[in-house]
Structures are given as structure tokens and as C-alpha cells.
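Below is one structure, written out as C-alpha cells, with a few remarks after it.
The values are calculated or read from the model by the stated rules, or taken from the named source; none is laboratory data. Treat the numbers as computed from the prediction; the structure is a model and nothing was measured. As a convention, Cβ positions derive from the backbone with ideal geometry for all residues, glycine included, and neighbour counts pool all protein chains shown.
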């Protein structure tokens, strides 16, 4: 993969990419650009040393997208970046382009910091920035009017030394995608159903890239009513039941649930078990059925925790096991489906968790309530307590000395026991 300077001969090729509805929705300037306007812009670009535009080419030399750097300040060593892909670009292009852009920015351009700005409702782009190492640094509230609504703009930044640490992990991820592309199997039609605001969205994006690299056709929806017929439907981090009429459109409709079913059906099973003091917790792949979490079981993976993990590490382990189970089912089909076994044993049910479940008792010690602190989300449902008639919130995070990316990855892997 490589970046080549944009030329006038490229303008007619990239204009349909820039005018694609999905690309325009993610841009601050969302109108459809004419060819004349496009050419006039390119002429102005030639006179502006603070801007560089590039064509991204894959390993076969095919143009797959555009990368640009703006507001370049050689004295400060800073700049901004952006990109958009060809609408028909292969899976993984959205990850490969940022890697190429980071190498350019911190190599040839000699920057010490790269900045980005993303519309807050473009969650996939925000997640992608964070995946490649950017940190959210601020939010411009209601900065952009899209014609209907006022939208925040999120500012993100990445330092050169942070990129040195992050790049090996991303290089390994690209090698994984290349390896999957060489292991193409019979293409399946796969639907993912998830909540629109799910914490698992970045991990589901990785699962989508895995399957698309293998040649599967992936659709991703948040409303079961929009589901079109296919081979498999995976309900992942979905807070609603899928009706029988929808399930019948697929060979299999599958659910991942973090308990040893039939014990621990219901809501937030991983959280409830951590609160119970459990350290070894199963992640179960099962067939969706009319009654919640009652279908036959296909496979399980077990998570082993040490007792110090906070919500981000708990979720990382849960997401890794979920992705592995889903990949296994598709890769081994139909053999994996033939392993189905009915649930056996006494049933139990966890209730839905509410914000009030994050309440601390100020008269109790931190040690006695540490497991509750482990499972709170500092943004969505923070820990709180009431004292002298006033309500206070607490945020918890682990103090970490500087670690290598390999050390951090080893810690995540320790939680997954096959």
C-alpha cells in the first residue's frame, strides 16, 4: 500500500467517491461538488503549501481512496488529516489508509502531532481514529449544522511517539486480514444485529472486517424489522428479542450470552457474576429461541479474571470471546451447528440493571465495594453515593505506568481461556 500525490488526471476518478452520499454525510461541506468546482479547488491547492492530497493505492496499485493533510505547520510540527474511500473499496481499506497516512505524517512530513476532527454522529470514524491510536482531546458543541440538526465536532490527536508504540499492533492486524483473505471459503450471507449505541461497536467492526476479508457478504442493522433473508443472523449486544418471523429468514439466528446456561439468563450476566465474586465466567453461543436465552448451545469459551480488571478489560475479554465464537461457527459450518446440545439444569434469571445499581454505600469500605467499582461505566452509569442530602459521582481508572503495546495485549489475552 502506498500514497501518491494527487494529480489533475485523478480528479474525474475521485469526484464520484467524494460525492457518494455516505462520504458527503461525514463531511463538514456536504453539498454535491461539480467538476468545475472540483478543478478550481485543485488549482487553488497547488498554491497552498499547508495542504497535501494523496491517492491511496493498494498492493496491486489500484486506487482505493484519498488521504489529505491540511493546516501543516512545519515550525510546530503539527497538522490535520482526513480521508475517504472509494465506495466499492475492499474490506480493510478504512484501516489500511490511516496506517499509510500515519507513516507519511510522522515520516516524510516530519510531524510530531497529527490532529483530526470528526462529526460526533459519525461513530464509525470516531472509533476508527481511536483504534489507530488517536485520543479524544475536546468537543466543539453544536459546531456544525447539517441542514436539520446541530452536531458536535470531536477533536482527536495522535503524537509521534504514540504512533511508534501503536503501529506494530496495527501491522499485525493487517497481516491477519491478509491471511484471512487467503483463506476464502464458500461465501455466506451474514446479518449482524446490535444496538446502535452499543459499547461493542468497535469490536463488531473488527468482526465485519474479518468476515468481509474471507469473502462473506455482511449486513449490519440495528432494527430487526429491517433484516433481509440470509444464511446467519448474529444478535450481538442487542437489547431486544428477535421475532420468530425474522428468525425464520435465516438458517440460524445466534446469540452470545455470558453465563453457563440455563443459569444466569437475562440481562448483564457478566456484570452480575462479577458482583457475585465469580472469577471464571463462560461465554456461550446458542440458537435464538422464542423464550429468552433458552435455545440449544453450540459452544462455550471461558474467561478467567484475576479480580483487578475494570470495565474496559472485562469488556475486551468478553468481546474477544464473542468474536472467536462467531468466527468459529461460520468457519466450521455445518459441523459446528451439528454439535448443538439442549440446555440442562436449573434455570435462573438476572434482572435488567438500572443506573441506581451503581450506588455506593458511603459507610462501607472501598474494599467491600470494589467489585461494584469494577463494573461501573464512568460515562454511561458512573458510581455515585448520597451524603448529607447531596449526590456525588466517582470515576475509577487504573493507574498504569508506561507499557509497551505488546505488554498491554498480553494482559488482555490472559483473560481468555479456551
Discussion item. From the list 39, 44, exactly one residue is more than 24 Å from residue 146 (Cβ to Cβ), in contact (Cβ under 8 Å) with a residue 24 or more places away in the chain and either assigned to a helix (DSSP H, G or I) or outside the structural domain of residue 103 (by TED's automatic domain parsing) (or both). Which is it?
Written reply: 39
Worksheet entry | Sole exception among (1) under 24 Å from residue 279 (Cβ atoms); (2) outside the structural domain of residue 281 (by TED's automatic domain parsing); (3) touching a residue at least 12 places away in the same chain (Cβ under 8 Å) for residue 322, by number | (2)
Worksheet item: Do we have any residue at all in the range 34-46 that's touching a strand residue (DSSP E or B) at 6+ places or on another chain (Cβ under 9 Å) and crowded, with 19+ Cβ neighbours inside 10 Å?
Response: no
Worksheet item: Would you say residue 277 is in the same structural domain as residue 234 (by TED's automatic domain parsing) and at positive phi?
Response: yes
Worksheet item: Looking at the range 164-197, which of the residues that are outside any loop (DSSP other than H, G, I, E, B) and in contact with a strand residue (DSSP E or B) (Cβ under 9 Å, 6 or more places away or on another chain) is nearest to residue 101 (Cα to Cα)?
Response: 166
Worksheet item: What's the number of the condition residue 57 fails, among (1) surrounded by fewer than 19 Cβ atoms within 10 Å (Cβ to Cβ); (2) at positive phi?
Response: (2)
Worksheet entry | Filter result for the condition that a residue is crowded, with 16+ Cβ neighbours inside 10 Å, under 24 Å from the mean Cα position of the chain (by Cα) and either under 19 Å from residue 254 (Cβ atoms) or not assigned by TED's automatic domain parsing to the domain that holds residue 234 (or both), over 285, 360 | 285
Worksheet entry | Selected residue (criterion: nearest to residue 18 (Cα to Cα)) from residues of the range 76-106 that are part of a loop (DSSP other than H, G, I, E, B) and modelled with pLDDT of 95 or more | 77
Worksheet item: Can residue 133 be described as touching a strand residue (DSSP E or B) at 6+ places or on another chain (Cβ under 6 Å) and crowded, with 18+ Cβ neighbours inside 10 Å?
Response: yes
Response to the item:
Pairing a residue in the range 226-240 that is free of Cβ contacts under 8 Å to residues at least 40 places away in the same chain with any residue that is crowded, with 17+ Cβ neighbours inside 10 Å and assigned to a strand (DSSP E or B), where Cβ atoms lie under 6 Å and the two sit 6 or more apart in sequence or on different chains, gives 227/191
Practice prompt. Test each condition in (1) assigned to a loop (DSSP other than H, G, I, E, B); (2) modelled with pLDDT of 95 or more for residue 292 and report the one that comes out false.
Written response: (2)
Worksheet item: Checking residue 372 against (1) touching a residue at least 40 places away in the same chain (Cβ under 8 Å); (2) exposed (fewer than 15 other Cβ atoms within 10 Å of the Cβ), which single condition isn't satisfied?
Response: (2)
Fill in: Verdict on residue 23 being surrounded by 15 or more Cβ atoms within 10 Å (Cβ to Cβ) and in contact with a helix residue (DSSP H, G or I) (Cβ under 6 Å, 6 or more places away or on another chain)
no
Worksheet entry | residue 92 being under 18 Å from residue 53 (Cβ atoms), assigned by TED's automatic domain parsing to the domain that holds residue 62, under 20 Å from the mean Cα position of the chain (by Cα) and touching a residue at least 40 places away in the same chain (Cβ under 8 Å) | no
Discussion item. If I filter the range 5-12 for residues that are surrounded by 12 or more Cβ atoms within 10 Å (Cβ to Cβ), in contact with a strand residue (DSSP E or B) (Cβ under 7 Å, 6 or more places away or on another chain) and closer than 22 Å to residue 114 by Cα, do I get at least one hit?
Written reply: yes
Discussion item. For the structure I just gave you, tell me whether residue 372 is under 19 Å from residue 259 (Cα atoms), assigned to a helix (DSSP H, G or I) and over 21 Å from the mean Cα position of the chain (by Cα).
Written reply: yes
